[in-house]
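Q: Please read through the structure below; I'll follow up with questions.
Laboratory data are not the source of any read-out in this text; all were calculated from the coordinates shown. Keep in mind that this is a model prediction, so the values were computed, not measured. As a convention, Cβ positions derive from the backbone with ideal geometry for all residues, glycine included, and neighbour counts pool all protein chains shown.
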Amino acid sequence: MAEDAESILTNGPYNSRPRWKYLDNILNRPGPFTDPDWVCGEPALEGLSRAKILVIGAGGLGCEILKNLALSGFKDIHVIDMDTIDVSNLNRQFLFRHADVGKFKAEVAARFVEKRVKGVKITPYCGKIQDKDDDYYMQFAMIVCGLDSIEARRWINATLVGMVDENDPDSMKPLIDGGTEGFKGQARVIFPTMTSCIECQLDMHAPRAAVPLCTLATIPRQPQHCIEWAHIIAWEEERKDITLDNDDPEHITWLYQKALKRAQEFNIPGVTYSMTQGVVKNIIPAIASTNAIVAASCCNEAFKIASNTNPFLGFPGTDNYMMYTGDVSVYTYTFQHVKKADCPVCGNLAKDLQVNSNSTLQEFIESLAERPEAQLKKPTIRTEAKSLYYQSPPTLEKQTRPNLSKKLYELVSDGEEIAIQDPAFQIAFKFKLVFEN
Amino acid sequence: MTGTTPPPLHGPTSKEKKYDRQLRLWAASGQAALEQSHILLINSGPGVVGVETLKNLVLPGVGHFTILDSAIVTEADLGVNFFLEEEHLGGFRAEHSCTLLKELNPDVQGSYITEPTESFLSKPIALKPYTLILVTAPINPQLLSKLSANAATFQIPTFYIHCIGFYSQFSIHLPPAFPIVDTHPDPESTSDLRLLTPWPELSQFATEKTKGLQEMSHHDHGHVPYICLLLHYLEEWKSTHDGQVPQNYKDKTAFKASVAQGERRNNPEGGEENYDEAVAAVLKSLNPTSISSAVRDVFEAPECKSLTPETSGFWIIAHAMSIFYATHAVLPLPGSLPDMKAQSADYIQLQNVYKSKARHDLAEVLSTVRTLEKKLSRAVVIDEKEVEAFCKNAAHIKMVRGRPFHIVLPGETVRWGDRAKKAAQDLTDPESLILLYIAFLAIDTFIATHDVDGLGCAAKVAGGDDWESDTEEVEGIALKIIDGLINEAGTSIDEDEYSEIKSRAREYAQELVRAGGSELHNISALTGGLVAQEVIKVVTKQYIPVDNTCVFDGVRSKSSVLRF
């Protein structure tokens, strides 16, 4: 690199955009790490301003992402979010004001950034990502995700992997994904089918283990057990006809008082309203600073990919994942997560799943929701030869229901492949059942 | 039941609702500290990283912020700073950013000062009203040096922040002793069960609960808390091992096997959860209690050893704690108990055994604290809650010794002092970003020697106009700093490594000069997130702050924390 120092020290073209003076310094000058074939100036600038980019999520990360992309030279930004603004968003979702509570996030965020940063067009869609089809996603150069749901991430990931056509390089849409929890977070870049995808990395984000029902029902020990009892058992028993609404303060208050009473019966201290809300809504702590860090890291990668001003995460064979923690000093770990040949989405081999052949199909189905490598909540299962269990339609469900109480060894052989479908995903997951006993 | 449930007596307030997601991290005490703080930003250059930092402090509800910046809004600001609008062109940057930042949170007060930094600092008590100071580069080094010295007199934590192109770096100067009690350790690492040194009440409880273990029904046998099981099997082990507990890995593996043998597999479940928990806990719970080096540092600190009437509450409690440790060879029991398979009543009873022991230990420490207070004739009585918090987290307290950051004065060489050896070692570590830090020092040196108007605001930036010659100059300065470091450390580095170091340093210098003093919004936003997070840790005295320099490389998406 050092011997190239002479050749890279050429002045860029005349700077004619006073507003973008700072950005243009980078776009108009090569650096020691830019590709030798990179052409600075106009082409780099074009790459940015012509790239149509999609942002999924207009929440804590999404607000930051929209601001960052608009100030990175992107001109044509689209944003999807189905949510409306809640008062608890205001401590970090800085494009919203108190007067906006109740309005659609995507709409308010888009208008705000358009007004603040002149010359950028932001097109909002207030709805679900699942409403849109391949043609819609095909129009974008890349997609940046700031989501709090694993399911939505898996959906867009599977969609983008499915869209790749080997003969059309434009069909491969880089996916940049950010996530946070309290002082922790991650930013990752995925080149669908070429590098490790969200599904390959699924086991890095294992769901929290659920408390066994019998503990809730008979031997609670923690305040959370009492809250879960009120949430899962007491509500069903006493208010079956009312649909529980996590955002209705009356409902939360009812659960809180139920939980408190149960806790008193068992001498368990510590049930509070705030804890009740946290457990019932599965609240994840969120702060402005972590969102800023993770969103900016995602946008930095998006900027580098679109402008080629420097190497980016996710180039095949290089680092594609930055893990971040900020509670003890500042720590990042940037590494290459390797694509899995048995990934149910981007691999072509069935993934091994260790099972106890004495467990029933019912138990196996229940375990699928919690297994870090599966995380499927409503699975429909079949082998090549027969249907094991169908969630719907009702006739098929009824027909296959007797299988639920059968032991696995009665239904499948050791090493047999099964296909699982789940209404949350449009693809079938292939697994190979390996008997551990 | 008819109608709706009445609201609880203590439902969340509107503030609790707004800050719900952060209160779950730093609680009401942290929030109160944040709301009582007043942050000063001394802004310069493109000025984005400072404003982005403030954004992340205004949102969670910092009490008050002040921006000191005499710059006028230009076209270039509008392409990089989100908190300025077209109609502000020609106005004061500090004023308009202040207005737009205040919009984010009506509970926050914001002020601005457009006086040049030099005249602002000429008043000796100018810095006194502030809780914490943020200074962004570029700044005239003489001014920075004056500011740093002033802030240190009032013990005001000061951050010095750089953000250029794809790179950023910040250093934190904390007071000479910055103790933290509420470090929020990972819950996994905090359970302190004292299984090797049980106190009488715990032993007695375990004996009762394991009486007739063999004859118990499946239900009872499967619900004996694992702590009681481990204590029971430990007694058995001791009776066949000369009264000794398992000493090493081999012993523990054998002990684990003996516990596992007690598990019933002929029950309907085909196994027992409480036994599984016991087996899993053997390796991590059967270690002799020892104190961490961080706690030892606190006990051995001069402030802890010799108390004066002016000594702060922290050190008096620390002193009382060290007496407790000297007497019992353990720290006070924190008293928390992890969840485990058990009947509700047994678990609550066991929890109370731990809690009452913790209360007992607390009472002893508290009485020492009161005696010390009397002996020192201290005017203010230390709150019992403070002592309790200290006892609960005694094993995880932390003390940071603040140190001044590097200020490069023209004509002077960078001194590394007692950190020279470590810094020189880092030069050859490819994972360390010390060379990027040195490149930033080279940029500071460049600015120190090319000061245009002496005010620091309009300093000549490296790569502003004459990109080629500036690159050469900054590279040269960086190499000189490296040579100076190697020299000061007295280490020798072999030729190959030395040329590798030089070429990496050159690359960092080239990339920095390429930016010509520009901030890239993404890097400013990211760094503003990091700095704001550190500010929150410092003002709330919770979690563990960076000690004392953090470097971020946005080309490779990597960071390093270094101590100078």
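Q: Let me have the relative contact order for chain B, percent, based on Cα pairs under 8 Å that are six or more residues apart.
A: Reported as a whole number, the value is 21 percent.
Q: In whole Å, largest first, what are the principal axis extents of the Cα atoms in chain B?
A: Cα extents, longest axis first: 88, 73, 57 Å.
Q: Can you work out the FRET efficiency for the pair residue A:250 and residue B:349, with r the C-beta to C-beta distance and R0 = 41 Å, to the nearest 0.05?
A: 0.70
Q: Scan around residue A:334 for amide H atoms under 5 Å from its own, H built in the peptide plane at 1.01 Å from N, and keep only partners 5 or more places away or cross-chain.
A: A:323
Q: In addition: For the pair residue A:378 and residue A:136, what calculated FRET efficiency results from E = 1/(1 + (r/R0)^6), where r is the Cβ-Cβ distance and R0 = 25 Å, to the nearest 0.05?
A: 0.45
Q: On to the next question. Count charges around residue A:211 for me, please; just the other residues with Cβ under 9 Å from its Cβ, Lys/Arg as +1, Asp/Glu as -1.
A: Local charge sum for residue A:211: -2.
Q: A follow-up question, please. Run a plain Debye calculation on the protein assembly as shown (Cα atoms as equal point scatterers, no solvent) and give log10 I(q)/I(0) at q = 0.04, 0.06 Å⁻¹, rounded to two decimals, same order as the q list.
A: -0.22, -0.51
Q: Another question about this same structure. Which of the lysines could a cross-linker bridge to residue B:398, judged by Cα under 17 Å and excluding same-chain residues fewer than eight apart?
A: Of all the lysines, those that pass the test against residue B:398 - Cα under 17 Å, at least 8 places apart if same chain - are B:305, B:537, B:541.
Q: What does the charge count around residue A:414 come to, taking other residues whose C-beta lies under 14 Å from its C-beta (Lys +1, Arg +1, Asp -1, Glu -1)?
A: My count for the surroundings of residue A:414 gives -3.
Q: Further question on the same structure: Considering the zone a paramagnetic label at residue B:154 would reach in this model (a point 7 Å from Cα along the Cα-to-Cβ line), which residues of region B:526-544 have amide N under 16 Å from it?
A: Correct set: B:539.
Q: Whose amide H sits under 5 Å from the amide H of residue B:556, counting only residues 5 or more places off or on another chain, with H placed in the peptide plane?
A: Those qualifying (amide H under 5 Å, at least 5 residues apart or on another chain) number zero.
Q: Quickly rank A:220-233, B:70-83 as a protection proxy: mean count of other C-beta atoms within 10 Å, highest first.
A: Averaged packing, sorted descending, gives the order A:220-233, B:70-83.
Q: Through the Karplus equation 6.51 cos²θ - 1.76 cosθ + 1.60, θ set to phi - 60°, convert the phi angles of region B:505-511 into ³J(HN,Hα) values in whole Hz; use x for Gly and Pro.
A: Running phi through 6.51 cos²θ - 1.76 cosθ + 1.60 with θ = phi - 60° gives 4, 4, 4, 4, 4, 4, 5 Hz.
Q: Kindly provide the helix-only [θ] at 222 nm of chain B, computed as the sum of -39,500 (n - 2.57) over DSSP H runs of four or more divided by all residues, to the nearest 500 deg cm²/dmol?
A: The helix contribution divided over chain B gives -15500 deg cm²/dmol.
Q: Between residue B:269 and residue B:107, what is the spin-label point distance in nm, taking each point 7 Å from the Cα along the Cα→C-beta axis?
A: According to this spin-label approximation, the distance is 4.4 nm.
Q: Something else now. Return the whole-Å distance between the Cα centroid of region B:457-521 and the Cα centroid of region A:145-166.
A: 42 Å
Q: Quickly estimate the mean residue ellipticity at 222 nm for chain A, helices only: each DSSP H run with n ≥ 4 gives -39500 (n - 2.57), and the total goes over all residues, rounded to 500.
A: Taking each H run of at least 4 residues, the total per residue is -9000 deg cm²/dmol.
Q: Could you give me D for region A:213-280, from Stokes-Einstein at 4 °C and 1.567 mPa s, where the hydrodynamic radius is the Kirkwood radius over C-alpha pairs? Units µm² s⁻¹, please.
A: 111 µm²/s
Q: Assuming 0.36 nm per residue, please report the length gained on full extension of the stretch residue A:397 to residue A:237 beyond their Cα-Cα distance.
A: This chain segment gains 55.0 nm when fully extended.
Q: Starting from the Cα of residue B:32, step 7 Å along the direction of its Cβ; do the same at residue B:305; then give the gap between the two resulting points in nm.
A: Label at residue B:32, label at residue B:305, 3.5 nm between them.
Q: Return the long-range amide H neighbours of residue A:359 (sequence gap of 5 or more, or a different chain), with a cut-off of under 5 Å between placed amide H atoms.
A: Residues meeting the amide H criterion: A:408.
Q: Output the antiparallel fraction of DSSP beta bridges having both residues in chain B, as a percent to the nearest 5.
A: The answer is about 50 percent antiparallel.
Q: Output the peptides B:53-59, A:152-158, B:188-194 sorted from most to least packed, where packing is the average of other Cβ atoms within 10 Å over each peptide's residues.
A: Highest to lowest by the protection proxy: B:53-59, A:152-158, B:188-194.
Q: To continue, here is another question. I'd like the distance between the alpha-carbon centres of region B:371-407 and region A:330-380, rounded to an integer number of Å.
A: Between the Cα centre of region B:371-407 and that of region A:330-380, the gap is 48 Å.
Q: Ignore the peptide's own chain and count Cβ atoms of other chains within 10 Å of each Cβ in A:357-364; give me the average, rounded.
A: 0
Q: Can you pick out the pairs among A:52/A:340; A:132/A:173; A:67/A:339; B:102/B:128; A:132/A:430 whose Cα atoms lie more than 20 Å from each other?
A: Too far apart for the 20 Å limit: A:52/A:340; A:67/A:339; B:102/B:128; A:132/A:430.
Q: Taking θ as phi - 60°, what are the ³J(HN,Hα) couplings along region B:148-163 by the Karplus curve (6.51, -1.76, 1.60), each to the nearest whole Hz, with x for Gly and Pro?
A: 4, 5, 4, 4, 5, 4, 8, 6, 8, x, 10, 10, 10, 10, 10, 8
Q: Could you state the number of Å between the C-alpha centres of region B:14-39 and region A:260-326?
A: Going from one Cα centre to the other spans 19 Å.
Q: Residue B:254 to residue B:449: extension gain in nm, 0.36 nm per residue of separation minus the Cα-Cα distance?
A: Working it through step by step, the gained length comes to 63.3 nm.
Q: In debye, nearest 20, what is the charge dipole magnitude of the protein assembly as shown about its Cα centre with +1 on Lys and Arg Cβ and -1 on Asp and Glu Cβ, if you could check?
A: Using Cβ point charges on Lys, Arg, Asp and Glu, the protein assembly as shown gives about 2460 debye.
Q: Evaluate peptide B:73-85: per residue, the Cβ atoms of other protein chains within 10 Å of its Cβ; return the mean as an integer.
A: Across B:73-85, the average partner-chain Cβ count within 10 Å equals 5.
Q: Still on this structure, I have one more. How shielded is B:344-351 by partner chains, expressed as the average number of their Cβ atoms within 10 Å of its Cβ atoms?
A: Going residue by residue through B:344-351 and averaging, the value is 5.
Q: May I pose another question? What lysines could a cross-link reach from residue A:281, if we take a straight Cα to Cα line under 23 Å and drop same-chain neighbours fewer than 8 places away?
A: The reachable lysines, counting only those whose Cα sits under 23 Å from residue A:281, are A:103, A:105, A:128, A:184, A:240, A:258, A:261, A:377, A:378, B:15, B:17, B:18.
Q: Another question, then. Work out which helices of chain A, taken as complete DSSP H runs, extend at least 18 Å along their axis over the Cα atoms and score a mean Kyte-Doolittle of 0.5 or more, then list them.
A: A:288-307
Q: What is the packing order of peptides B:507-513, B:199-205, taking the mean over residues of other C-beta atoms within 10 Å and listing the highest first?
A: Descending mean neighbour count gives B:507-513, B:199-205.
Q: Which of the aspartates and glutamates could a cross-linker bridge to residue B:375, judged by Cα under 19 Å and excluding same-chain residues fewer than eight apart?
A: B:303, B:310, B:364, B:383, B:384
Q: For every other residue with a beta carbon closer than 15 angstrom to the beta carbon of residue B:122, add +1 if it is Lys or Arg and -1 if Asp or Glu, then tell me the sum.
A: Result for the neighbourhood of residue B:122: +1.
Q: Can you compute 3J(HN,Hα) from phi for each residue in region B:337-342, using the Karplus curve 6.51 cos²θ - 1.76 cosθ + 1.60 with θ = phi - 60°, rounded to whole Hz and x for Gly and Pro?
A: Listing the rounded values in order: 10, x, 6, 7, 4, 5 Hz.
Q: Okay, next question. Provide the FRET efficiency to the nearest 0.05 for the residue B:483-residue B:118 pair, computing r from the beta carbons and using R0 = 45 Å.
A: With R0 = 45 Å, the Cβ-Cβ based efficiency is 0.85.
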